[in-house]
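The values are calculated or read from the model by the stated rules, or taken from the named source; none is laboratory data. From a predicted model like this one, the values you see are computed outputs, not experimental measurements. Counting neighbours? That spans all protein chains shown, and the Cβs are built from the backbone with ideal geometry, glycine included. These area figures cover heavy atoms from the full protein model, side chains too; ligands, DNA and RNA do not enter into them. Shrake-Rupley method; radii C 1.70, N 1.55, O 1.52, S 1.80 Å.
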Amino acid sequence: MVGEVSMKRSATLRLYEDAKGLIPGATQLFSKRQEMFAPEQWPPYFSEAKGCTVTDVDGNRYIDMGMAGIGATVLGYADPDVTAAVVDRAQRGTMCMLNPAEEVELAKLMLKLHPWAAMARFARSGGEAMAIAVRIARARTGRDRVAFCGYHGWHDWYLAANLPTDRSADTTDRLGDWHLIPGLQPAGIPRGLAGSALPFHYNKIDELHAIVREYGHQLAAIVMEPTRHHAPAPGFLESVRELADASGARLVFDEISVGWKLACGGAHLKFHVAPDLAVFSKSTANGYPMAAVIGTADTMQAAQDTFISSALWSEAIGPAAALASIQKMMRIDVPAHIARIGQAVQDGLREIAQRHAVPWTPVGYPALQAYQFQHPEAAPLQTLWTVRMLDQGFLSVAGFFPMLSHHDCHVEPYLAACDRVFAELATAIRNQDIVQRIGGPVRHSGFNRLT
Ligand SMILES: Cc1ncc(COP(=O)(O)O)c(C=O)c1O
């Protein structure tokens, strides 16, 4: 039963207070900070996660209708097939002086799914794999600048976009907002990188044209997700491909979050536009540390002209988990399942919001949906929704990434609970007492992706 344990959250909240003094920022992932959901109320720590049920360290059980381990677990938590492969590998040893045979099998599988690619390298997390892709593109072209849109991690090549340049005022004007966190000072990023990362908006081909006109001969790469919230406008990806070819830049598709969710493999397979490099992580191994950079032979060979190497990239758990995950995704139509569950949740919530006259809309594909309140107190409304859903035994945040482990038996009680909570949201809007009802501070905002 969901919510069968009384909602005492003292252990999890105490742990978070301790963490703030021990771990700068309290967590390792910005998007898992309690402040992103409901400060002083969201339970930051789990003891068990199975299927789509999460138990916090106080013993409270929740149905997780959130973002699937921030997009990392499309099969569901502790998927039995992946767990069996990992346990088997762990029992036989995961690290020694030799390499895991699984990585060769994994390379063959990734290349079979992406026939445009000829070679693969492996790492263990998304941001580092993006840094590898950018390094390879720079090594191959002998150029420095990178045009990009969207979020790609924490590395210097990318945060360089926030370094002030002579053109900063211009760029901020053109893009209408700050990149990542408004006002974020890119402390620790070498100032010499200023002007090396040039942002453009998704589906705004004119912005990329302008970058290519000015810097085309210096451009090493065009880096972007093939899609995120919106489908590509007709001809957009094809034009990006043409601009890359015309300028000699390498086209890098970031499939870290969208990969496996719209197609078995990269989302770009749906759009029939091939990049020079594509980068995978997160759900590739259903949440086990694993990342892949795949690419054409011509581009990937440049990895030999530079130094890209790390001890823990040669352990065996990541490849074993990736093989089990991918083999399962080749057997079962996961994109169809998560699209159906996501659509059911989106349709249900839309109907509930309309019935209660709450100004709410979903954004994005049903498989990666995000939520917005069109109201001056959007953040308080989202916080109140999250807080009330915790009390009803659901992890519910500003978006939903369905997993293979979600079924109608989870969607129905979730929508019933949302119906009750949206009735209160409507009352709170009418009475203008949204903030007073929360019982704690309002959630903080996330970061800008410029998509
Ligand atoms: C599109 C995209 N690229 C890169 C990253 C960074 O991956 P990681 O958090 O594994 O470093 C993320 C993570 O959210 C992402 O969504």
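Within region 316-336, identify whether any single residue is within 16 Å of the ligand (Cβ to nearest atom), assigned to a loop (DSSP other than H, G, I, E, B) and either over 30 Å from Glu377 (Cα atoms) or of a type in the set (Ser, Thr, Tyr) (or both), and answer yes or no. Among the residues of region 316-336, not one is within 16 Å of the ligand (Cβ to nearest atom), assigned to a loop (DSSP other than H, G, I, E, B) and either over 30 Å from Glu377 (Cα atoms) or of a type in the set (Ser, Thr, Tyr) (or both), which makes the answer no. Gln436: part of a helix (DSSP H, G or I) and either under 14 Å from Asp64 (Cα atoms) or touching a residue at least 12 places away in the same chain (Cβ under 8 Å) (or both), yes or no? No. Of the helices (runs of 4 or more DSSP H) lying entirely inside region 204-315, those containing at least 1 residues that are under 22 Å from the mean Cα position of the chain (by Cα) are 236-247, 268-271.
Screening region 222-237 for residues that are surrounded by fewer than 18 Cβ atoms within 10 Å (Cβ to Cβ) and within 16 Å of His272 (Cβ to Cβ) and picking the one that is nearest to the ligand (Cβ to nearest atom) gives Ala231. Within region 133-152, the set of residues being more than 12 Å from the ligand (Cβ to nearest atom) and in contact with a Pro (Cβ under 9 Å, 6 or more places away or on another chain) comprises Ala147 only.
Whenever a residue of region 386-411 is under 21 Å from Lys8 (Cβ atoms) and in contact (Cβ under 8 Å) with a residue 60 or more places away in the chain, its partners that are of a type in the set (Asp, Glu) and surrounded by 20 or more Cβ atoms within 10 Å (Cβ to Cβ), lying with C-beta atoms within less than 8 angstrom and at least six residues away or across chains, give the pairs Phe394/Asp64; Leu395/Asp64. Candidates are the residues of region 60-81 that are within 16 Å of the ligand (Cβ to nearest atom) and on the phi > 0 side of the Ramachandran plot; the one that is surrounded by the fewest Cβ atoms within 10 Å (Cβ to Cβ) is Ile70.
Checked against the criterion of being crowded, with 21+ Cβ neighbours inside 10 Å, of a type in the set (D, E, K, R) and more than 25 Å from the chain's Cα centre (by Cα), the candidates Arg140, Arg92 yield just one match: Arg140. Filtered by the rule that a residue be of a type in the set (A, V, I, L, M, F, W, C), within 13 Å of the ligand (Cβ to nearest atom) and touching a residue at least 60 places away in the same chain (Cβ under 8 Å), region 261-297 gives Ala278, Val279, Phe280, Ala285, Met290, Ala291, Ala292, Val293. From the list Met110, Met130, the one residue that fits, being assigned to a helix (DSSP H, G or I), more than 15 Å from the ligand (Cβ to nearest atom), on the phi < 0 side of the Ramachandran plot and touching a Gly at 6+ places or on another chain (Cβ under 9 Å), is Met110.
Among the listed residues Ala26, Ala49, Ala19, Ala84, identify the single one that is in a helix (DSSP H, G or I), among the hydrophobic types (A, V, I, L, M, F, W, C) and open to solvent by less than 50 Å² (accessible area, probe 1.4 Å).
Ala19
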